[in-house]
Amino acid sequence: MCGILGAVNRDIEQRILDLIRHRGPDFAQITRYQTDAADVLLAHSRLAIVDLSETGHQPMHTEDRDFSIIFNGEVFNHMELRKTMPDIIFKGHSDTETILHYLVKNGVESIRDFNGNFAFGFLDKRAQKLFLARDPFGVKPLYYHQNGQTLIFSSEMRPIHALVDITINKAALAGVLKLRYNPAEDTLCNEVKKVKPGHYLTYDLVSNTLEMSPYIKPPSQKRSITFQQAVQQYGDLFEQAIQRQLMGDVEIGTLLSGGVDSALVTYFAAKNSKNKIKTFTVGFEDEDEANELADARLSASIMGTVHHEIVINQTDFKSVLEDVVGIIEEPLGTTSSIPMFFLNREVCKHVKVVLTGQGADEPLGGYVRYKGEIYRKYFPLVISRMLAPIASVIKNEKIRRFLYSSGSIDTVRRFEKAYTLFDDRTIFRLTGLKDTLSYGKIDYFYKLVRGENMEPVEAMMAIDKHMNLADDLMIYTDKVSMHFGVETRVPILDFELVDFIESLPLKFKIHNGNGKHIHKEFARQVLPDTIVKRPKKGFRSPTGKWFEQEMGSLIDEMTQDPTNNFNQLFDTNEVKKILHLHHKGFNQEKQLFLLISLYFWFKNTTL
């Protein structure tokens, strides 16, 4: 979807819409709405999933054209919301039509009632306002540019790039080196912003002012419940989430890794689907611990799915790296974006929608850094501070991060250090820049989720749900899948399920230092131990090994390119030191991947 407030000629209109046609190849339309204060152009490329008829086409407006909407994603509880509007005669059964009338009736703050993955632009001609909103977990991205009387917004950055001259945001460059992604609102371009997850923007067409408002619900009160009762309720809500997210008039499949999360999603998808579920797994020719082909194949066999495998190697990975950076539009230090490309390239041949197991680690405490936050309570502060200076010589990344961060009394600073990809000294050596953004970004969400009232580890988990998850994992998942016209859904982030998880005692989520406790206990009730007891691998790539081989040559190649802005901003000798460090046994695969991503971003971005 894309919207423009300001003068744009017809030729440009169509060219801008064509830039996002991959997101919705089924139908495209541009509509102009005239208000007393401004002309508003709304453009939409549709991926038809719910209500395939023309009654689901967008832009969509009320009969009097006073209210209009363009919408990306799904609201899974929209039929429940319809029941609250018995006076409305609906033309079709799309969720877009539901939320249009729901917003008209209840106002933009009623967005809190939407259970789904979405971004939208909603025009209220009566109030002379335009509202832009993004779902609480940032599953769907939403970018915007505002300058004077001009406002442009889009699901992707490319329409804005086509209309606006771009300059580098150096503060955001330092920030992405620190965190491996850029949290909203910043991007690497000064002229392009992202709507924060769980926020909406109000643009006044008369005064040309923009105001941001959060709508994230406050954390749920802790409930008094036994563990067994909690497991039972968790299971009921989990299955209900799958049932909701099977909503659609097209066939739906699942992305199946070797782990318990996607297996649990697939089990209930198969149980509740009219058709035999198709599953998709990507793996590697290399015999590597990241390879999940055999595990996924066994899971598919146990659950009786129609299974598809995609196998890639180092050459495949390297061949699409530049293209994937362009698709994602934002450099990331997350190597799994590449196998996601190959996965969706195959998925689009079979189905238009897939469910995934993403989103379990953040609310349920599945990451190793959460263990560090728990263990630090038993680690004397004086010892932590004594060992912090030697963190850089520790080869084990998990121990290195723990020692680097655990000595900080300031909770937000400690979180920042736990997230750190490149530390401050390395960032300065690489670029001469200082990171001035990361602390403030973390602190903003810490305060928004009322982290001071939680156990620190729960505060970190809450921040991760609304920040790290949104602008790292969800960004690349959305961009890559939608590049192939595939919608990816994340049922574990169902709002009712997450709300329940947040209300549980911490020990139900992290038990004896192990995360996802209740999740695994429930999984044991429906899945065999051969699946549940597998060690966690995560959706990764064998890039650690590959950077010691052929892919390492990419660093030499890019540092010898005098035409690329990357080499104007980075000290190439310091870049080479990162590869040398990797060869010495200090795993730098995320750091190297981010640097290569930045190189290709600069190569293909006109500044």
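The values are calculated or read from the model by the stated rules, or taken from the named source; none is laboratory data. The structure displayed is predicted, hence computed values, not measured ones. Cβ atoms come from the backbone with ideal geometry, glycine included; neighbour counts cover every protein chain shown. Surface accessibility is based on the protein's heavy atoms, side chains included, excluding ligands, DNA and RNA. Shrake-Rupley method; radii C 1.70, N 1.55, O 1.52, S 1.80 Å.
When LEU47 is tested against (1) more than 27 Å from ASN147 (Cβ to Cβ); (2) within 24 Å of the chain's Cα centre (by Cα); (3) surrounded by fewer than 18 Cβ atoms within 10 Å (Cβ to Cβ), just one condition goes unmet, and that condition is (3). Here is a check on your reading of the model: is ILE399 part of a helix (DSSP H, G or I), farther than 30 Å from PHE118 by Cα, at pLDDT 95 or above and not polar (S, T, N, Q)? For ILE399, the condition - part of a helix (DSSP H, G or I), farther than 30 Å from PHE118 by Cα, at pLDDT 95 or above and not polar (S, T, N, Q) - is not met.
Within region 98-126, residues that are free of Cβ contacts under 8 Å to residues at least 24 places away in the same chain reach partners that are of a type in the set (Phe, Trp, Tyr) and open to solvent by 10 Å² or more (accessible area, probe 1.4 Å) with beta carbons closer than 7 Å, at six or more positions or on different chains, in the pairs SER110/TYR102. If we scan region 444-465, do we find a residue that is assigned to a helix (DSSP H, G or I), open to solvent by 20 Å² or more (accessible area, probe 1.4 Å) and of a type in the set (Val, Ile, Thr)? Scanning region 444-465, I find no residue that is assigned to a helix (DSSP H, G or I), open to solvent by 20 Å² or more (accessible area, probe 1.4 Å) and of a type in the set (Val, Ile, Thr), so the answer is no.
What's the total number of residues in region 176-228 that are touching a helix residue (DSSP H, G or I) at 6+ places or on another chain (Cβ under 7 Å), modelled with pLDDT under 95 and of a type in the set (Ser, Thr, Tyr)? Number satisfying all stated conditions: 1. Residues that are assigned to a loop (DSSP other than H, G, I, E, B), open to solvent by 60 Å² or more (accessible area, probe 1.4 Å) and more than 17 Å from LEU256 (Cα to Cα) within region 506-539 comprise just one, ASN512.
Considered as a group, the residues in region 143-156 that are farther than 23 Å from LEU473 by Cβ and open to solvent by less than 10 Å² (accessible area, probe 1.4 Å) include one that is farthest from the chain's Cα centre (by Cα), and that residue is LEU151.
No other residue among SER597, SER553 is under 28 Å from the mean Cα position of the chain (by Cα) and among the hydroxyl-bearing types (Ser, Thr, Tyr) apart from SER597.
Here THR202 fits the description: open to solvent by less than 40 Å² (accessible area, probe 1.4 Å) and in contact with a Phe, Trp or Tyr (Cβ under 8 Å, 6 or more places away or on another chain).
The residue list LYS129, LYS140, LYS105 contains one member that is more than 25 Å from GLU487 (Cβ to Cβ), buried (at least 18 other Cβ atoms within 10 Å of the Cβ) and either modelled with pLDDT of 95 or more or not aromatic (Phe, Trp, Tyr) (or both), which is LYS129. Across region 169-176, not a single residue is classified as under 28 Å from MET247 (Cβ atoms) and touching a strand residue (DSSP E or B) at 6+ places or on another chain (Cβ under 7 Å). Scanning region 335-356 for residues that are among the β-branched types (Val, Ile, Thr), crowded, with 22+ Cβ neighbours inside 10 Å and touching an Asp or Glu at 6+ places or on another chain (Cβ under 9 Å) gives THR335, ILE338, VAL353, VAL354, THR356. For the residues ARG23, ARG82, ARG32, the requirement of being open to solvent by 20 Å² or more (accessible area, probe 1.4 Å) and in contact with a helix residue (DSSP H, G or I) (Cβ under 8 Å, 6 or more places away or on another chain) singles out ARG82. Being within 22 Å of HIS44 (Cα to Cα), open to solvent by 10 Å² or more (accessible area, probe 1.4 Å) and aliphatic (A, V, I, L, M) is the filter here; which residues of region 157-199 pass it? ALA162, LEU163, VAL164, listed by residue number. Looking for something open to solvent by less than 10 Å² (accessible area, probe 1.4 Å), assigned to a loop (DSSP other than H, G, I, E, B) and farther than 16 Å from ASN117 by Cα - is there at least one such residue anywhere in region 492-505? Yes, that holds for at least one residue.
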